[in-house]
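Right, one structure below, let's go through it.
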Amino acid sequence: MINTWIYSADPNEYDVIRAFKDLGQLDWSMKSNADVNDIVYIYIGYEIKNIAIKTKVIEINPEEFIDDGDYVINIDRMDGDNCGDYIRLKMIDYFDQDKENLMTYELMRDNGLNGPIRGPIKLDNNEQLKGYIELSESKMIKNRIENLKVSDVLTNNQLMYTFKCSNSSGMRRAHKTNTLSIISDHTKALYEDRWIDGIFHYTGMGQVGHQSLDYAQNKVLYQSNDTDIKVYLFEVFEEGKYVFEGQVELYDEPYQEEQTDKNNDIRNVWVFPLKRCNENQDVVIKDNSYKKNKDKKEKKAKKLSDKELLEKAKRARKRSGTRNVNTVVYDRDEHVAELAKRRANGICQLCGQKAPFNNNKGEPYLETHHIEWLSRGGEDSIDNTVALCPNCHKRMHILDCNEDIKKLKKNMKRIVLINQ
Ligand SMILES: [Zn+2]
Ligand SMILES: [Zn+2]
């Protein structure tokens, strides 16, 4: 028989919330006869006064204790009555205090709690309170999903707590919330899921061999429009950061595509066209996380053999996807730029060669460049701006080489002298 308890914690002696969040498990001195698999709610007293954490007993008297000394706030307040027995508690949920928490002391007093919470309370002896807590919990879980906004970033734990799903795999079915969370992890994916004209083309489950529509969550997704299962989409561009893309639905029949699998064998995959249930919401990702991802993939492509590369290239999706990337642009002064070009008089300031071509207006084509990059704090000033041929400009950004920088600085001095 599984029992349910409330334990209380003093936030002034020990930072229990942070400890659970960081460590996931804690050893607790046992003042009740809790048993493995029992549920223990942690009530945080004093100025907080609500249940913040739900845990499960996973072990009685563990052989080695978890080191949680970093979380002690006031050792004097800790009661030294080591009663001998300890239980290991694993956090299975966290209830935010900032948002509407229904498990406050006041509300529990209105719903069956008949005194202050000091020692352990066995909820199984208080049906009213137990019922209230269970109802509150399911309301809070429902609210959490409803309150998610497109672009919200969740950790894996938050995702698990929100949807009550497992902590791994790309498609996570949760019966408790009747949801299917789909995760397109661009840091790991074998294949590139993409957005084309507002439709997300998502590759199903199965890393080796042909994929099947009958297989596990592929089937759940395939049938999702005919069931009441809600489907939610997340994309990952940086490890451990799950960007919420909203609730989605199957937009069209899944279709098949040839892709190489984990072992580089060619096989058929199923691609699910998904559409957001609420339109007009687009996620904007940071350009550096996008770039990092791209760089990683380019490195991977470089490592492929010629044969592997050809196989992958042949199976490219042909229609490229689009993405909103948030880029910071430097607002440069047009006078400084124009002056730099005029000063250069059609000659690249690095290689000393004539501009390689004239633009439509017949002017020699040069580009302005900041010797010390604006992104590194360089000034948008006459002294820091040069005009370069496109070749040399690329060279400055790709090689970023000291010799070139020195040369530019030297050439700049000459020009400044001539102009005086
Ligand atoms: Zn040049
Ligand atoms: Zn530049």
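The values are calculated or read from the model by the stated rules, or taken from the named source; none is laboratory data. It should be emphasised that the depicted structure is a prediction, and the values quoted were computed from it without experimental measurement. Cβ: placed from backbone, ideal geometry, glycine included. Neighbour counts: every protein chain shown.
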For the list (1) within 15 Å of Phe20 (Cβ to Cβ); (2) not in a helix (DSSP H, G or I), I need the number of the one condition that Gly84 fails. (1)
The one condition Asp400 fails out of (1) modelled with pLDDT of 95 or more; (2) away from ligand 1 (no atom under 13 Å from the Cβ) is (1)
Give the stretch 378-392 a look and list any residue that's in contact with a strand residue (DSSP E or B) (Cβ under 9 Å, 6 or more places away or on another chain), within 14 Å of Ala340 (Cα to Cα) and either of a type in the set (A, V, I, L, M) or within 16 Å of ligand 1 (Cβ to nearest atom) (or both), or say none. Thr385, Val386, Ala387, Leu388, Cys389
The one condition Leu274 fails out of (1) within 25 Å of the chain's Cα centre (by Cα); (2) not in a strand (DSSP E or B); (3) not acidic (Asp, Glu) is (2)
Being in contact with a strand residue (DSSP E or B) (Cβ under 8 Å, 6 or more places away or on another chain), touching a residue at least 40 places away in the same chain (Cβ under 8 Å) and part of a loop (DSSP other than H, G, I, E, B) narrows Ile48, Ile66, Ile6, Ile17 down to just Ile66
If you go through the stretch 237-285, how many residues are surrounded by fewer than 15 Cβ atoms within 10 Å (Cβ to Cβ) and farther than 25 Å from Ser224 by Cα? 8
Can you find, within the stretch 308-358, the residue that is farthest from Ser381 (Cα to Cα) among those that are more than 16 Å from ligand 1 (Cβ to nearest atom) and polar (S, T, N, Q)? Ser320
Would you confirm whether or not the stretch 276-283 contains a residue that is closer than 30 Å to Lys176 by Cβ, at pLDDT 85 or above and in contact with a Leu (Cβ under 9 Å, 6 or more places away or on another chain)? yes
Out of (1) more than 10 Å from ligand 2 (Cβ to nearest atom); (2) crowded, with 18+ Cβ neighbours inside 10 Å, what's the single condition that is false for His370? (1)
Residue pairs, Cβ under 9 Å, 6 or more apart or interchain, first in the stretch 337-356 and in contact (Cβ under 8 Å) with a residue 60 or more places away in the chain, second among the basic types (Lys, Arg) and crowded, with 18+ Cβ neighbours inside 10 Å. List them. Gln349/Arg343
Please indicate, with yes or no, whether at least one residue in the stretch 354-366 is within 19 Å of Arg332 (Cα to Cα) and surrounded by 14 or more Cβ atoms within 10 Å (Cβ to Cβ). yes
Filter the stretch 375-401 down to residues that are under 34 Å from the mean Cα position of the chain (by Cα) and surrounded by fewer than 16 Cβ atoms within 10 Å (Cβ to Cβ), then give me how many there are. 9
Tell me which of these Met103 doesn't satisfy, since it passes every other one: (1) closer than 28 Å to Val271 by Cβ; (2) touching a residue at least 60 places away in the same chain (Cβ under 8 Å). (1)
Pair list, Cβ under 9 Å, 6 or more apart: the stretch 300-321 residue under 16 Å from Thr203 (Cα atoms), other residue modelled with pLDDT of 85 or more and part of a helix (DSSP H, G or I): Lys312/Ala301
Picking from Thr162, Thr155, which residue would you name as being under 20 Å from the mean Cα position of the chain (by Cα), more than 20 Å from Ile44 (Cα to Cα), buried (at least 17 other Cβ atoms within 10 Å of the Cβ) and modelled with pLDDT under 95? Thr162
Being touching a residue at least 40 places away in the same chain (Cβ under 8 Å) and of a type outside the set (D, E, K, R) is the filter here, so list the residues in the stretch 25-38 that pass it. Gln25, Leu26, Trp28, Ser29, Met30, Ser32, Ala34
Filter the stretch 332-358 down to residues that are closer than 16 Å to Thr385 by Cβ and not in a helix (DSSP H, G or I) and give me whichever is farthest from ligand 2 (Cβ to nearest atom). Asn345
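Tell me, which residue of the stretch 359-377 that is outside any loop (DSSP other than H, G, I, E, B) and without any contact (Cβ under 8 Å) to a residue 24 or more places away in the chain is nearest to ligand 1 (Cβ to nearest atom)?
So in the stretch 359-377, the residues outside any loop (DSSP other than H, G, I, E, B) come out as 364, 367-370, 374-376.
Imposing the further condition that a residue be without any contact (Cβ under 8 Å) to a residue 24 or more places away in the chain reduces the set to 364, 370, 376.
On the way: Pro364: 12, His370: 16, Arg376: 22 Å.
Among those that are outside any loop (DSSP other than H, G, I, E, B) and without any contact (Cβ under 8 Å) to a residue 24 or more places away in the chain, it is Pro364.
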Count - residues of the stretch 396-416 that are acidic (Asp, Glu) and within 16 Å of ligand 2 (Cβ to nearest atom): 2
Number of the condition not met by Met412 [criteria: (1) under 40 Å from the mean Cα position of the chain (by Cα); (2) surrounded by 16 or more Cβ atoms within 10 Å (Cβ to Cβ); (3) away from ligand 1 (no atom under 13 Å from the Cβ)]: (1)
